[in-house]
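The values are calculated or read from the model by the stated rules, or taken from the named source; none is laboratory data. All figures in this text were calculated on a predicted structure; none of them were measured in a lab. Every residue, glycine as well, gets a Cβ built from its backbone with ideal geometry; the counts of neighbours run over all protein chains shown. Accessible surface areas use protein heavy atoms only, side chains included; no ligands, DNA or RNA. Shrake-Rupley method; radii C 1.70, N 1.55, O 1.52, S 1.80 Å.
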Amino acid sequence: HATPFGKAFIATTPRGICSFAFLESTEIDEPLAVLHKKWPHALTHENRQRTLAVIKNMFGEEKKLNRPVSLHVSGTNFQISVWKALLQIPPATVVSYSQVATAIGHPDSARAVGLAVGANPVAFLIPCHRVIQQSGKLGGYHWGETRKQAIHAWESARHEEPQP
């Protein structure tokens, strides 16, 4: 589906969104292979109407659902704790990897936090783009620094306080 940041692949289960990835081309082979590796016994079928509704909700093109978006992800206990911490970062806000490490009670684990951030299967929904380097540089992003910068600008524009 089209998003403000390019084409994206999204997969859902009855329990929630299990995969979200920006695409570098129109090919979905790579995210589909990742999905099948993560969920080897799952039966998959295309439901563009369902996934389009989720995409429109994610990017504010449609009225918000009457309930929060559900995620269906799995990871190690450490990864889950990092992902929960990322969900607490407000839109248009950034924190460092070491701040996330401190928030989850592992202040010396900034590198491990970086690995957990990189393993996020539903990037953008679990906002790994809000984590930057201690120096203030944007740092890496699986889908490129330009896209990460565009997401930051988009969030900032959408969450500006109205002027009196």
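Can you pull out every residue in the range 9-30 that is hydrophobic (A, V, I, L, M, F, W, C), farther than 15 Å from N47 by Cβ and free of Cβ contacts under 8 Å to residues at least 60 places away in the same chain?
Matches in the range 9-30: L23 only.
Within the range 125-149, track down each residue that is open to solvent by 20 Å² or more (accessible area, probe 1.4 Å), in contact (Cβ under 8 Å) with a residue 24 or more places away in the chain and in a loop (DSSP other than H, G, I, E, B).
Correct list: L125, Q133, Q134, H142, W143.
Identify the residue in the range 14-31 that is modelled with pLDDT of 90 or more and farther than 17 Å from N120 by Cβ and, among all such residues, is least open to solvent (accessible area, probe 1.4 Å).
Top of the filtered list is P14.
Quick check, is A101 among the small types (G, A, S) and assigned to a helix (DSSP H, G or I)?
yes
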